[in-house]
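Nothing in this text is a laboratory measurement; each read-out follows from the coordinates by a stated rule. Small disclaimer: the values here were computed from a predicted structure and weren't measured. We place every Cβ from the backbone using ideal geometry, glycine too, and count neighbours over all the protein chains shown.
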Amino acid sequence: MKTVEKYLSEVCRILQNLSHKEIEQAITMLKQARAEGKQIFIMGNGGSAAMASHFACDLGKGTVQKGKARFRVISLNDNIPLLTAYANDCGYETVFAEPLMSLAEPGDIAIAVSSSGNSPNVLKAVDAARDLGLKTIGIAGYKESRLKEKVDLYIQAGADKNHPNSMQHAEDGQWVILHAIFVAIWQEMRPA
């Protein structure tokens, strides 16, 4: 039980230190994108891919209200044939950037979910997004990463890289950030 207690204690520390300011900024950016009919592209690897898919589902389905604008959201890691074609023919670092270059328009939003904040394919996609005139949001597990320097808005979970369970703590924080964004938008859209 000591392991569980230690683990949960660290999760509580992370959650208490999440930045409300950056989460609020992300909510504002996403609401503006919805109002303007802009697309939202989200991507990640491994556990972050699962988060990207889940968040795309939350926004795409969970916010639907009759008579209100819908989110136009795409998870770039969900088209496995396209992802593997780019990985095979152009290299794994291109799997998000290439589809983004085909689909995105200036003013759209790219959301990069990366626990480490250092995934080459996510960083390349963020570079492509910026070149295309997209607004960029990075959601990572750690305070410092290469992603932080590339995005317009960086939200980090505050996991300690030196902790034995740092990746799990990073992911716990990222899930809470994504769900907090969704719940805030969903609550505002609910009928009175």
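Laid out as a table, the results:
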{"item": "Fluctuation leader among G62, G138, G117 - the chain, Gaussian network, Cα springs under 10 angstrom", "result": "G62"}
{"item": "Under the Debye formula (equal points on every Cα, no solvent term), log10 I(q)/I(0) of the chain at q = 0.11, 0.14, 0.18 Å⁻¹", "result": "-0.47, -0.76, -1.19"}
{"item": "Estimated 222 nm signal from helices in the chain, with DSSP H stretches of n ≥ 4 weighted -39500 (n - 2.57), rounded to 500", "result": "-17500 deg cm²/dmol"}
{"item": "Length-normalised contact order for the chain - Cα pairs under 8 Å, 6+ apart - percent", "result": "24"}
{"item": "Dipole magnitude of the chain about its Cα centre (Cβ charges: Lys, Arg +1; Asp, Glu -1), debye to nearest 20", "result": "560"}
{"item": "Contour minus Cα-Cα distance for E149 and A50 (0.36 nm per residue)", "result": "33.2 nm"}
{"item": "Two-site label geometry, Y7 and D131: point separation in nm, points 7 Å out along Cα→Cβ", "result": "4.2"}
{"item": "For the stretch 1-97, radius of gyration divided by Kirkwood radius, i.e. Rg to Rh on alpha-carbons", "result": "1.09"}
{"item": "D78-Q187 pseudo-label distance in nm [points 7 Å out on the Cα-to-Cβ vector]", "result": "2.6"}
{"item": "Radius of gyration and maximum dimension Dmax of the stretch 55-113, Cα, Å", "result": "13.6, 43"}
{"item": "Coordinate range along principal axes, alpha carbons of the stretch 129-192, Å, largest first", "result": "46, 32, 11"}
{"item": "Cα-based Lys proximity count in the stretch 2-189, under 12 Å, for pairs eight or more positions apart or on separate chains", "result": "5"}
